[in-house]
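A.B. asks: One structure is given below, represented as structure tokens, and several questions about it will come after.
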Amino acid sequence: MSKWLIFFALLAFAVFGLANVSITVNTAAEIVTLPQTAFGLNTAAWDWHLLDSAIPGLLENLNVKVLRFPGGSFSDMYDWQTNSTVPGQDFPYVDPQNNFDNFMKLVNQIGAQALITVNYGTNFSGTAGGDPQEAAAWVKYANIDHNYDVKYWEIGNEVYGNNTYGANWETDLHAAKGPQTYAENFIAFAKAMKAVDPNIKIGAVLTCPYNWPWGQSPDWNKVVLQTAGDYIDFVIVHWYAQNPGNESDSGLLASTNQIPDMLAKLKQEVRDYAGPNADHIRIFVTETNSVSYNPGKQTTSLVNALFLVNDYMNWLTGGVDNVDWWTLHNNALTNDNNSDKLYGNTNYGDYGLLSNNSNFGTSTVEPPNNTPFPDYFGYEMLKYLAGPDDTIVGIFSDQNLVNVYAVKHTNGDLAIMIVNTDPSKAYDVNFNLIGFRSEDNATEYVYGMGNGIGGAMESIVSKTIQLSSPIEVAPYSINVIVMRPQHIVKIVGPQVMQNTTISSTTLTPGRSEQIETTFTNKFGNISNGVIEMEIYNSSGKMVGQKTIPDVSIGANGSYKVNWNWTAPNAPDIYTVKSFLFDRSMTNLFSSSNEAAQFTVAIPPAPSFSITGSVKPAELGIGENGVISVTVTNTSDLGYLNNGIIDVEIHNAANQKVWQQFDQNANLSPSQSMTLTYDFTLPASGTYSVQVGVFSGGWGTNYAWNSDVTKVVVK
């Protein structure tokens, strides 16, 4: 966006006023306390600038607590003993200074922990698959010989990319492939490594639900968990929100809404398949960014910073123990998606938080080495919101484009992050604070649109604000407000007991759950109190709320709440939280953060009708046409969650010549979705438009229409 577009956008705010957003924060509704491992970052042995003198300060500024090493897929061809690529494998460069000891010096200098990916793909002679004894020797070197106290170890990187499903990007010299082989080898690695140091934690590679190859056969997650569940301390998934060429800013910023469903499914798989150890298995997201490969300009734009904070906070709110951004440094790529339809002012992509204009050759497009990109500042904004041992609390926003997160700091402060993903509209934000009374002044940190790299501000701005007025949040901005407590919530006055019952512990989407909570006052009197009832999914998102004002309960009296709540179309475990406050909703008489739990079961498979049209029905070679396809869920109870709608054009020989697909589609019973695409065809003939509806990961084909409509090219 140019400076003039920014100017006219700001002028419009002044002339037409701002839309209002109401945000509720319930500080008594505790979701999760953040572990020491929460905020991580990928590093690599091939990074020329990993040990630059500026790096410790830049990382300390972010409060990074985990550094992953030695670097993605390279891990499966890396010899840690010689800091080199194993014989027979081709990799452009390994920095001779980036050996394990120097990496650990950096880790210790910034007060972080190491997360090590051991080589599953190759032994160090390059003749076979990874050797458990070579991994065990690394544990011995790290924790016995040098007292580095490396606690977390992954067995391989994206091992499912070893041609198990027809794609081969991950090096794996094992004679056999597939989830059963990986699981059996994982056990051998775990036994060998824990024989050296039984206190380490070992992670197994899984596929991310609703993302390929999840849903394919053989079922990777099921086989690995069933076979190796007793030996797994944490499971690992990677998530890249888009595939190259299909990037869109609105699509990327909406993509983090998928995380609760992905996480709920992953938790369910662990519960269903991992056996008696399931309750002890944690979840790590050890790689994430906005696009799976070939990064374009979006990765160096402000939009990627907005995505980063939503990405981290959705996973962490859901109880994930670790999220690691990919990556500290990468390098510029100039020939990928640099479309004018994407926000930003760069003509290159780069996965790194920091610029790297000399790795794998000198770049002519990037700024000097270690210049922060917008996502660096996005990461920095996270430190003002949350840190280890802080507690995420319940929130609700009445505007879908305004994402909100709230965290109680260990010192009693309350931090609220507001992420405005609307590219053109500013909002006035009004807070409804429950269980917290703030001082009048607060500190606000702001990062958003500007004339720096990627159409972003050149740095974060902080200022003191008055909370007596609404908080203005600009388009495409991240705002963190840190409030100091005037009053900290505490149990006061009367002694109130509560009991909650539910009509069903398991129900299907669309059915009603009857929730009954009785508050009984054992001592004193309550006048004009407020009952707050809330329902959360397993990812910490508030999905239901009921507030009852003017509640009075005398000594030995009781008050009963009846609430009929309709279950959503998202199979998950849901938790009821219930609270009784005084009239100011500051002092707390009674609270239960787990008043009741129930499960929404998987609904029946959905069915669909598919219709469509092409305009014009006849066109010339290379002439632009438009396909419009409508998919309707015709089932009574079946839902499509994070599904795929696949639109294809086939020639007379039924060969596919064109394809577009919409991922993460959601359709409730009787709901329709219309998709429209531009297309051109290079040869004359009669073509058929064919459309299918699939589950996430392409695992199940719910519907296929091989003759939606015809198009003639002359």
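The values are calculated or read from the model by the stated rules, or taken from the named source; none is laboratory data. For clarity, every value in this text was computed on a predicted model and none was experimentally measured. Please note: Cβ atoms are built from the backbone with ideal geometry, for glycine as well, and neighbour counts cover all protein chains shown. Just so you know, the surface numbers come from the protein's heavy atoms only, side chains and all, with ligands and any DNA or RNA stripped out. Shrake-Rupley method; radii C 1.70, N 1.55, O 1.52, S 1.80 Å.
A.B. asks: Could you give me the residue pairs with C-beta distances under 8 Å whose first residue belongs to the range 642-654 and is closer than 13 Å to residue 691 by Cα, whose second residue is surrounded by fewer than 16 Cβ atoms within 10 Å (Cβ to Cβ) and among the aliphatic types (A, V, I, L, M) wherever it lies, and which are 6+ apart or on separate chains?
C.D. replies: These pairs meet every condition: 649/657; 650/657.
A.B. asks: Determine if the range 555-562 includes at least one residue that is modelled with pLDDT under 95, surrounded by fewer than 21 Cβ atoms within 10 Å (Cβ to Cβ) and not polar (S, T, N, Q).
C.D. replies: The answer is yes, given that some residue of the range 555-562 is modelled with pLDDT under 95, surrounded by fewer than 21 Cβ atoms within 10 Å (Cβ to Cβ) and not polar (S, T, N, Q).
A.B. asks: Looking only at the range 593-607, count every residue that is part of a strand (DSSP E or B), in contact with a Leu (Cβ under 8 Å, 6 or more places away or on another chain) and open to solvent by 20 Å² or more (accessible area, probe 1.4 Å) and tell me the total.
C.D. replies: Within the range 593-607, the subset part of a strand (DSSP E or B) is 593-600.
From what is left, the residues that are in contact with a Leu (Cβ under 8 Å, 6 or more places away or on another chain) are 598-600.
Remaining after also requiring open to solvent by 20 Å² or more (accessible area, probe 1.4 Å): 599.
Number of matching residues: 1.
A.B. asks: How many of the residues in the range 13-33 are surrounded by fewer than 16 Cβ atoms within 10 Å (Cβ to Cβ) and not in a helix (DSSP H, G or I)?
C.D. replies: Qualifying residue count, the range 13-33: 5.
A.B. asks: Another question about this same structure. Identify, please: which residue in the range 175-185 is farther than 23 Å from residue 200 by Cβ and among the small types (Gly, Ala, Ser) and is, among those, surrounded by the most Cβ atoms within 10 Å (Cβ to Cβ)?
C.D. replies: 178
A.B. asks: Which pairs have Cβ atoms under 6 Å, sit 6 or more apart or on different chains, and link a residue in the range 471-492 that is more than 16 Å from residue 413 (Cα to Cα) to one that is of a type in the set (S, T, N, Q) and modelled with pLDDT under 95?
C.D. replies: Note: pairs meeting the criteria are 492/587.
A.B. asks: Just to verify a result, which residue in the range 613-631, among those that are open to solvent by 30 Å² or more (accessible area, probe 1.4 Å) and assigned to a strand (DSSP E or B), is farthest from residue 711 (Cα to Cα)?
C.D. replies: Here the answer is 630.
A.B. asks: Sticking with this structure for a sec: Hey, among the residues in the range 260-303 that are under 17 Å from the mean Cα position of the chain (by Cα) and of a type in the set (Asp, Glu), which one's modelled with the lowest pLDDT?
C.D. replies: Filtering first and then ranking leaves 261.
A.B. asks: Would you check if residue 661 is under 30 Å from the mean Cα position of the chain (by Cα) and either of a type in the set (A, V, I, L, M, F, W, C) or within 28 Å of residue 241 (Cβ to Cβ) (or both)?
C.D. replies: Against the criterion (under 30 Å from the mean Cα position of the chain (by Cα) and either of a type in the set (A, V, I, L, M, F, W, C) or within 28 Å of residue 241 (Cβ to Cβ) (or both)), residue 661 qualifies.
A.B. asks: While we're here: Restricting attention to the range 505-529, which residues are under 41 Å from the mean Cα position of the chain (by Cα) and open to solvent by less than 10 Å² (accessible area, probe 1.4 Å)?
C.D. replies: 509, 513, 515, 517, 519, 529
Here's the yes/no breakdown for (1) closer than 23 Å to residue 376 by Cβ; (2) outside any loop (DSSP other than H, G, I, E, B); (3) touching a helix residue (DSSP H, G or I) at 6+ places or on another chain (Cβ under 6 Å); (4) of a type outside the set (A, V, I, L, M, F, W, C):
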position: 67; (1), (2), (3), (4): yes, yes, yes, no
position: 81; (1), (2), (3), (4): no, no, no, yes
position: 87; (1), (2), (3), (4): no, no, no, yes
position: 94; (1), (2), (3), (4): no, no, no, no
position: 108; (1), (2), (3), (4): yes, yes, no, yes
position: 114; (1), (2), (3), (4): yes, yes, yes, no
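A.B. asks: Let me ask something additional. Do we have residue 36 as open to solvent by 40 Å² or more (accessible area, probe 1.4 Å), modelled with pLDDT of 95 or more and farther than 28 Å from residue 381 by Cβ here? Steps first, answer last, please.
C.D. replies: Working: open to solvent by 40 Å² or more (accessible area, probe 1.4 Å): yes; modelled with pLDDT of 95 or more: yes; farther than 28 Å from residue 381 by Cβ: no.
For residue 36, the condition - open to solvent by 40 Å² or more (accessible area, probe 1.4 Å), modelled with pLDDT of 95 or more and farther than 28 Å from residue 381 by Cβ - is not met.
A.B. asks: Give 668, 635 a once-over and let me know the one that is among the hydroxyl-bearing types (Ser, Thr, Tyr), over 27 Å from residue 252 (Cβ atoms) and at pLDDT below 95.
C.D. replies: Exactly one of 668, 635 is among the hydroxyl-bearing types (Ser, Thr, Tyr), over 27 Å from residue 252 (Cβ atoms) and at pLDDT below 95, namely 635.
A.B. asks: Considering only residues that are open to solvent by less than 10 Å² (accessible area, probe 1.4 Å), of a type in the set (A, V, I, L, M, F, W, C) and not in a strand (DSSP E or B), which ones fall in the range 148-174? Step through it out loud before you land on a result.
C.D. replies: If we filter the range 148-174 for residues that are open to solvent by less than 10 Å² (accessible area, probe 1.4 Å), which is where we start, we get 150, 153-157, 159, 161-162, 170.
Add one more test, that the residue is of a type in the set (A, V, I, L, M, F, W, C), and what stays is 150, 153, 155, 159.
Within the range 148-174, 150, 159 qualify.
A.B. asks: So how many residues does the range 644-674 have that are assigned to a loop (DSSP other than H, G, I, E, B) and open to solvent by 50 Å² or more (accessible area, probe 1.4 Å)?
C.D. replies: Residues meeting the conditions: 6.
A.B. asks: Return the residues of the range 677-714 that are outside any strand (DSSP E or B), hydrophobic (A, V, I, L, M, F, W, C) and surrounded by fewer than 16 Cβ atoms within 10 Å (Cβ to Cβ); say none if nothing qualifies.
C.D. replies: 683
A.B. asks: Please go through (1) assigned to a loop (DSSP other than H, G, I, E, B); (2) surrounded by 18 or more Cβ atoms within 10 Å (Cβ to Cβ) for residue 482 and return the number of the only condition it doesn't satisfy.
C.D. replies: (1)
A.B. asks: Among the residues that make up the range 93-108, is at least one of them surrounded by 19 or more Cβ atoms within 10 Å (Cβ to Cβ), within 30 Å of residue 331 (Cα to Cα) and either out of contact with any Phe, Trp or Tyr (no Cβ under 9 Å at 6 or more places or on another chain) or at pLDDT below 95 (or both)?
C.D. replies: Yes, because at least one residue in the range 93-108 is surrounded by 19 or more Cβ atoms within 10 Å (Cβ to Cβ), within 30 Å of residue 331 (Cα to Cα) and either out of contact with any Phe, Trp or Tyr (no Cβ under 9 Å at 6 or more places or on another chain) or at pLDDT below 95 (or both).
A.B. asks: Within the range 174-233, how many residues turn out to be touching a Lys or Arg at 6+ places or on another chain (Cβ under 8 Å), hydroxyl-bearing (Ser, Thr, Tyr) and modelled with pLDDT of 95 or more?
C.D. replies: Summing the residues that are touching a Lys or Arg at 6+ places or on another chain (Cβ under 8 Å), hydroxyl-bearing (Ser, Thr, Tyr) and modelled with pLDDT of 95 or more in the range 174-233 gives 1.
A.B. asks: Does the range 109-139 hold any residues that are in contact with a Lys or Arg (Cβ under 6 Å, 6 or more places away or on another chain) and open to solvent by less than 10 Å² (accessible area, probe 1.4 Å), and which are they?
C.D. replies: The one that is in contact with a Lys or Arg (Cβ under 6 Å, 6 or more places away or on another chain) and open to solvent by less than 10 Å² (accessible area, probe 1.4 Å): 115.
A.B. asks: Would you pick out the residues in the range 317-341 that are farther than 30 Å from residue 32 by Cβ and open to solvent by less than 10 Å² (accessible area, probe 1.4 Å)?
C.D. replies: Once the filter is applied, which keeps residues that are farther than 30 Å from residue 32 by Cβ and open to solvent by less than 10 Å² (accessible area, probe 1.4 Å), the range 317-341 yields only 329.
A.B. asks: In addition: Residue 655 versus (1) at negative phi; (2) in contact with a strand residue (DSSP E or B) (Cβ under 7 Å, 6 or more places away or on another chain): which is the lone unmet condition?
C.D. replies: Every condition holds for residue 655 apart from (2).
A.B. asks: Which of the numbered conditions does residue 224 fail, given that it passes all the others? Conditions: (1) assigned to a helix (DSSP H, G or I); (2) over 30 Å from residue 143 (Cα atoms).
C.D. replies: (2)
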